[in-house]
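Student: Okay, handing you the structure first.
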Amino acid sequence: MGNTLVVAEKEFKDLLSDRILLVIVSAFLLYILVDLNNIRNLLDAGFFLKDPSVTQNNPAANLAQTMLNQITFMLSRYGAILGIAVGFLSIAGERHGGALNALAVKPLRRETIIVGKTVGALGFLVCVFTLASAFITSGLLILAANTIAPVIGEFLARVPAAILTALLYTAVFFFLSMLISLLIDNYAFALILSLLAWSVSGLLATYAFAGYIATFLGDEKGLGSLIVSLSPDGMIKNISYNALTNFNLDLWGCLDRMGPETFKLAAIVIVLLVLSFVAFQRRDIA
Amino acid sequence: MTVERRTTGEIVAIAQLAANEFRRQVGHPVTIAVFGLLVVIALANGLGSIKVLPAFESWMSGDIFIKVGLSQVFFNISQYCSVAALVLGLLSVAGDRRRTMGVLLTKPVLKRDVVAGKFIGLGAFMLLLIAVTYLLVSLLMALAYRGPASLEEFTLRLAALVLALFLECSLLAGIGMLIGMLFASLKEAIVVGVTYLCIEWFSNAMFMDLLKYLSPYYVYFRIINATDTITVFNTTVPFADWLRLALPYAALMVVGLIVIFIINCIVIARTEEV
């Protein structure tokens, strides 16, 4: 346990002092800032009072719905990039630099190394996520607290669920990137493959792909929904649109509806985690 | 006479470097992965066209083949080709750093010729990849649904689509090369490149005021969708009307290409150690 924590601490410090990762985190915060600016412009233009796509005749609920959507999608979209980068730097970056090989020849069990690295990297991701979540939530509240005042309790109660959803989504791509980096020796290709896997997840959740295949097979709605729900992107879409942003449901109803999709995301995370651990144990990482 | 001979020698050297770069990209794992995905997208689009496209005929004006069939795949094709362009550009320089690039620069060729050769080779490869993908998509749709209403209109619009994406991809390949030259390690270069691409494609960060004109993504989409109604896919609007509005953006993209090429030449000229 002691060694695991030492490896985790080292991993955390390494990531924290990695200048490239700091650039990515800064880009993350910049991305949030720019999106907040867009929301401010939409608010000024009265968009949420007349947006025909919203389902409720309640400006407060409309805006709270949009804000929860923003929190989920902004955090998950950029979180995935961050997760891929952290997973890649933790394994492929160190494999290439020889640091992982040096660590593997130390009198440490391999599971200590992988558990320590995973804990350290996840700790780093959680810290960045906490910062980004605080940044975006406080930004949105500063911009729109007056408008959403009637539903602010309901909104704040759902924010942790939105953050957790985004964190689970990020963890999927963190472990996927880790696994790919362990399995593929060409580390540049490993990163590109992780990125492509992420974009395929997005592709599976689009009508142009899932809808077309389902239509060809004669069951646009049922099969289309099934294909969409198989990808992490489809899962967070289902969580966000069917549960999180549905203010017709009370909090328990919302959590109840989130359950199955959240469970699927968590299951993918666990499968990828186990596969990464097995790959690390069995593969020659030199 | 000597100047003429030197120029011819340079052109031959650039052509050889370009041909070499082109050959290297054909079997690259990134190319294979991206092309595999593009084929899957083309197949899904072709299969879906059998039932989806006829449904539009009863209520939509214009050529459904172009307006719906091609526009449905346009975003995904653009996205994957852009990823390929930036990454291949980056790897052509950063991946070479400790190997062939060093050897290459000890040869009697100018550094700018190396950049030009790689740039042209990559551009030609991307043009081939884009053209093959769109032709495959069109062929599968024609087999599954029917051919375009007007072959002339289709040829013009397809050529415009291919050329617009080719310009965007060439610019991204140039940016990829620049990132590859600026960062000391491949690890850093590739993480920065991927982050840049994701911000370009998925955030609004590039769409602020004048900054948007520096974004290949924004300019590319303005070429395709010159206005809300005048787009390259809308066959109810004459092609010339679209072209008139799209040309300034295409010109901006060409200027961007020239600028990035010059920057790359300057950066490589100042690079002591490769």
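No value in this document is a laboratory result; all are computed from the given coordinates. In this text the structure is predicted, and so the values were computed from the model without any measurement. Cβ sites come from the backbone with ideal geometry, for glycine too, and all protein chains shown count toward neighbours.
Student: About the Cα centre of the stretch A:2-282, how large is the charge dipole given +1 on each Lys and Arg Cβ and -1 on each Asp and Glu Cβ? Please answer in debye to the nearest 20.
Tutor: Working: 17 positive and 17 negative charges, 111 e Å.
The calculation lands at about 540 debye.
Student: Could I ask something else about it? With an 8 Å Cα cut-off and a minimum separation of 6 or more residues, compute the relative contact order for the stretch A:2-282 in percent. It would help to have the intermediate numbers written out before the result.
Tutor: On the way: 318 pairs, mean separation 72.1, N = 281.
Once divided by the residue count of the stretch A:2-282, the mean separation gives 26 percent.
Student: Normalise the Cα radius of gyration of the protein assembly as shown by 2.2 N^0.38 Å (N = residues in it) and let me know the number. Don't skip to the end; give the middle numbers.
Tutor: Values: Rg = 24.8 Å, N = 560, 2.2 N^0.38 = 24.4 Å.
Compactness ratio reported: 1.02.
Student: Report, in order of residue number, the helices in chain A meeting two criteria: a C-alpha extent of 18 Å or more along the helix axis, and a mean Kyte-Doolittle hydropathy of at least -0.5; treat each whole DSSP H run as one helix.
Tutor: On the way: long enough: A:2-17 (22 Å, 0.04); A:19-44 (37 Å, 1.42); A:59-88 (43 Å, 0.88); A:110-148 (53 Å, 1.54); A:152-183 (46 Å, 1.88); A:187-204 (26 Å, 1.93); A:251-282 (44 Å, 1.21).
Helices meeting the span and hydropathy rule in chain A are A:2-17, A:19-44, A:59-88, A:110-148, A:152-183, A:187-204, A:251-282.
Student: Tell me the label-point distance for the pair residue B:75, residue B:270, using the 7 Å Cα-to-Cβ offset, in nm and rounded to one decimal.
Tutor: A separation of 3.9 nm, rounded to one decimal place.
Student: If you place +1 on the Cβ of every Lys and Arg and -1 on the Cβ of every Asp and Glu, how big does the dipole about the Cα centre of the protein assembly as shown come out, in debye to the nearest 20?
Tutor: For this selection, approximately 1180 debye.
Student: Here's something else I'd like to know. Counting helices only, and only those DSSP H runs with n ≥ 4, report the 222 nm mean residue ellipticity of chain B as the sum of -39,500 (n - 2.57) divided by its residues, in deg cm²/dmol to the nearest 500.
Tutor: Values: 9 runs with 209 residues, N = 274.
For chain B, the value works out to -27000 deg cm²/dmol.
Student: I need the Kirkwood Rh of the stretch B:2-270: take the reciprocal of the average 1/r across all distinct C-alpha pairs and report it in angstrom.
Tutor: On the way: mean 1/r = 0.0509 Å⁻¹.
Computed over Cα pairs of the stretch B:2-270, the Kirkwood hydrodynamic radius comes out at 19.7 Å.
Student: Cα centroids of the stretch B:136-175 and the stretch B:26-74: how far apart, whole angstrom?
Tutor: Cα centres, the stretch B:136-175 to the stretch B:26-74: 11 Å.
Student: If each DSSP helix of 4+ residues adds -39,500 (n - 2.57) and the sum is divided by the residues in chain A, what number results at 222 nm, nearest 500 deg cm²/dmol? Show your work: numbers first, answer last.
Tutor: Details: 13 runs with 230 residues, N = 286.
Roughly -27000 deg cm²/dmol at 222 nm, from the helical runs in chain A.
Student: Taking Cα pairs under 8 Å and at least six residues apart, what relative contact order does the stretch B:121-181 come out at, in percent?
Tutor: On the way: 21 pairs, mean separation 34.6, N = 61.
Here the relative contact order equals 57 percent.
Student: Tell me, rounded to the nearest percent, the portion of alpha carbon pairs in the stretch A:2-282 spaced more than 23 Å apart. Intermediate values should be presented prior to the final figure.
Tutor: Values: 22648 of 39340 pairs.
So the pairs more than 23 Å apart make up 58 percent of the total in the stretch A:2-282.
Student: In addition: What is the extension gain from residue A:29 to residue A:47, computed as 0.36 nm multiplied by their sequence separation minus the C-alpha to C-alpha distance, in nm to one decimal? Walk me through the intermediate numbers first.
Tutor: Numbers: separation 18, 0.36 × 18 = 6.48 nm, distance 2.45 nm.
Length gained between residue A:29 and residue A:47: 4.0 nm.
Student: Testing the spin-label approximation: label points 7 Å from Cα along Cα→Cβ at residue A:242 and residue B:11. State their distance in nm.
Tutor: Here the answer is 6.4 nm between the modelled labels.
Student: Label points 7 Å out from Cα along the Cβ direction at residue B:149 and residue B:184: separation in nm?
Tutor: Computed distance between label sites residue B:149 and residue B:184 equals 6.1 nm.
Student: Right, another one. Which whole-number percentage describes the relative contact order of the stretch B:126-269, with Cα contacts under 8 Å and a sequence gap of 6 or more?
Tutor: Details: 111 pairs, mean separation 40.8, N = 144.
It comes to 28 percent, rounded to a whole number.
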